[in-house]
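**Q** There's a structure below that I have some questions on.
The values are calculated or read from the model by the stated rules, or taken from the named source; none is laboratory data. Remember, it's a predicted structure, so these values are computed and weren't measured experimentally. Because the Cβ atoms are built from the backbone with ideal geometry, glycine has one as well, and the counts that use them run over all protein chains shown. We work out accessible area using only protein heavy atoms, side chains counted, and drop any ligands, DNA or RNA first. Shrake-Rupley method; radii C 1.70, N 1.55, O 1.52, S 1.80 Å.
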Amino acid sequence: MSDISLLILLPLLAAVCAAATPRAAGLWGLPASILTGIIALWLALDVLQNGAQEIAIGGWIAPLGIVFVADGLAALMLLMTSGVGIVVSIQATSWGVWPSSNVSEKAATMRAGFWPLWLATLGALNALFLSGDLFNIYVAFEILGLTAVGLTALSGTPSALRAAFDYLSAGLAGSLLLLLGVALAYSAVGRVDIEVVPLLADTTSGRIALALIVAGLAVKAALFPLHFWMPAAHSSATPVASALLSALVVKGALYVILRISMEGGVGMETLRLAIAVLGAGAMLWGAWGALQATRLKLLVAQSTVAQIGLIAMAIGLAGDNLQQNGLWQAAALLMLSHALAKAAMFIAVGRIAEELGHDRLSGLNRKELRPGAAEFAFAIASISLIGLPPTAGFIGKWILIDGLIARDAWIWVALILLGTALSAAYLSRVVSRCLRGGPHVSLDAHHPPWRTGDVAALGLATSALLLGLASAFPLSLLEIALK
């Protein structure tokens, strides 16, 4: 069995086993997450050395069969998913792993629900990144949408259940648009492998199909103005679920939009411009929402809207002349840096709220909080999201702005700089409070000064920082996508 097949089958089979043995779900979940990460790393190194790989299930090639393709871009997304997933899985061990773990009934219930949902999410994301045709991408999205709704509702609170219902409604609408677009694409050209996108872009019915597909993906990515469901969903979920939803789940739709844009021909120009304009709107609207937020978790959720907008701008402006510009590489690197930083932020926010008993911004003052590991993790992640050196966020923005300056696209450069300034403004609302110093909160025996969440948040944030210094590896992987 190939590495590509294992990346999909292993987490899905582990999800079934975790669901069948809820008391021992962690015994399936954590090892499966780690093993999937090892396979993803092995595949990435193989792709880097030997080039892109392709596997046809049952020996049937496109357009009749199911084809999985692993090039540099897919390998980087697989590494991103597995890396963040392993750290979040380690954080989830605070709910206990062993059946006899001494945890509360609520923690045991969330443990039993989290592992099958996360493992199914991992398998769906891997299938999404590797799929070589539009219909299989739709199937992967259906699995991903259901597991994401489950993760949103995991805490069982009324706000989480309402947010999960809105998420489900938006997901169904996005799926309907996506399926309609895939069906129309099949009727237009008689096949649905992703390589037919240039053919679709050259006909009227094909362009309508692409527009429907991208509209469905925009709903799933919470791209402005279709983001109405996302802030509540990400801010109402548990910290580990929010980390997965914001860092990984929304990247699936952005990845497919990038793939379609890279494959498209001249007829894609209008669609690309629309994506860039909506991205600019998301960047500004999300920043405004973050500036108005009164709760820390809602601020982080609104910032996701803004960061998704920046990535969408990069995708829309990249075009399909891959050899002459690196804007698409900037989009991929921004997705990677955002995943690390945003996962770190949500876990750090969970720890801060755990210490203080709330997540109100007005309560983050020196009388209640002294800087700890979670606060420093939030600050480091903020540096990456703003795009300050030497973080991966800085490298991504540098490549993006450099490419736009080469085109004399000064309006877009000005919008990115404005978005950067707004990011600094709303994130400084938190960082300036968290790092002031003062007496530490008195913690009881059940809340020791250092917990798994501190290590997880600090590890992810530090990875976003160090990735800027080691950006040669992801950029080398992305070069494989050009061949």
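**Q** Sorting check: for 411-422, 238-249, which peptide has the highest mean count of neighbouring beta carbons within 10 Å, and how do the rest follow? Don't skip to the end; give the middle numbers.
**A** Numbers: 411-422: 17.1, 238-249: 27.7.
Final packing ranking: 238-249, 411-422.
**Q** Quick check: at a probe of 1.4 Å, how many percent of the accessible area of the chain sits on carbon and sulfur atoms?
**A** On the way: 12240 of 18080 Å².
Roughly 68 percent of what the probe reaches on the chain is carbon or sulfur.
**Q** Continuing with this model, one more query. Can you compute the modelled spin-label distance between residue 361 and residue 428, with each label point 7 Å from Cα toward Cβ, in nm?
**A** 1.3 nm
**Q** Given charges of +1 on the Cβ of Lys and Arg and -1 on the Cβ of Asp and Glu, with all other atoms neutral, how large is the dipole of the chain about its Cα centre, in debye to the nearest 20?
**A** On the way: 25 positive and 24 negative charges, 286 e Å.
With Lys and Arg at +1 and Asp and Glu at -1, about 1380 debye.
**Q** Report, in degrees rounded to the nearest 10, the 0 to 90 angle that the Cα long axis of helix 3-20 makes with the longest principal axis of the chain.
**A** Rounded to the nearest ten degrees, it is 50.
**Q** On the full set of protein chains, 1.4 Å probe, figure out the accessible area of residue 41 and give it in Å² to the nearest 10.
**A** About 80 Å², ignoring ligands and nucleic acids.
**Q** Still on this structure: With axes computed from alpha carbons, what is the tilt in degrees of helix 158-189 against the longest principal axis of the chain, rounded to the nearest 10 within 0 to 90?
**A** 10 degrees
**Q** Can I ask one more? Cα convex hull of the chain: mean projected area in nm², to one decimal?
**A** On the way: hull surface 82.4 nm².
Reported value for the Cα convex hull: 20.6 nm².
**Q** In the neighborhood of residue 348, defined by Cβ-to-Cβ distances under 10 Å, what is the net charge if each Lys or Arg adds +1 and each Asp or Glu adds -1? Could the numbers behind the result be given before it?
**A** Details: positive: 351; negative: 375, 454.
Net of charged neighbours comes to -1.
**Q** In Å², what does the accessible area per residue of the chain work out to with a 1.4 Å probe? Provide the component values of the computation, followed by the final result.
**A** Details: 18080 Å² over 483 residues.
Computed with neighbouring chains in place, this is 37 Å² per residue.
**Q** Would you rank 285, 398 by solvent-accessible area, highest first, keeping every protein chain in place and using a 1.4 Å probe? Please list the in-between numbers first.
**A** On the way: 285 130, 398 155 Å².
Listed by decreasing accessible area, they come as 398, 285.
**Q** Right, here's the next one. Against the longest alpha carbon principal axis of the chain, how many degrees, from 0 to 90 and to the nearest 10, is the axis of helix 72-92 turned?
**A** 20 degrees
**Q** Compare the Cα positions of 255, 330, 90 along the charge dipole of the chain (+1 at Cβ of Lys, Arg; -1 at Cβ of Asp, Glu; about the Cα centre) and return the one farthest towards the positive end.
**A** 90
**Q** Moving on to the next point. So, with +1 on the Cβ of K and R and -1 on the Cβ of D and E, and no other charges, what is the size of the charge dipole of the stretch 106-225 about its Cα centre, to the nearest 20 debye? Don't skip to the end; give the middle numbers.
**A** Numbers: 6 positive and 6 negative charges, 95 e Å.
With only Lys, Arg, Asp and Glu charged at Cβ, the dipole is about 460 debye.
**Q** Please work out how many pairs of lysine residues in the chain are eight or more positions apart (or on different chains) and have Cα atoms closer than 28 angstrom.
**A** Taking the Cα cut-off of 28 Å, the pair count is 16.
**Q** Per Stokes-Einstein, at 25 °C and 0.890 mPa s, what whole-number D in µm² s⁻¹ belongs to the stretch 187-285, with the Kirkwood radius over Cα pairs as the hydrodynamic radius? It would help to have the intermediate numbers written out before the result.
**A** Working: Rh = 14.5 Å.
It diffuses with D of about 169 µm²/s by this estimate.
**Q** Go ahead and run the numbers for FRET between residue 270 and residue 180, Cβ-Cβ distance against an R0 of 22 Å, rounding to 0.05. Present the calculation step by step, with values, prior to reporting the outcome.
**A** Numbers: r = 20 Å, r/R0 = 0.89.
Rounded to the nearest 0.05, the efficiency is 0.65.
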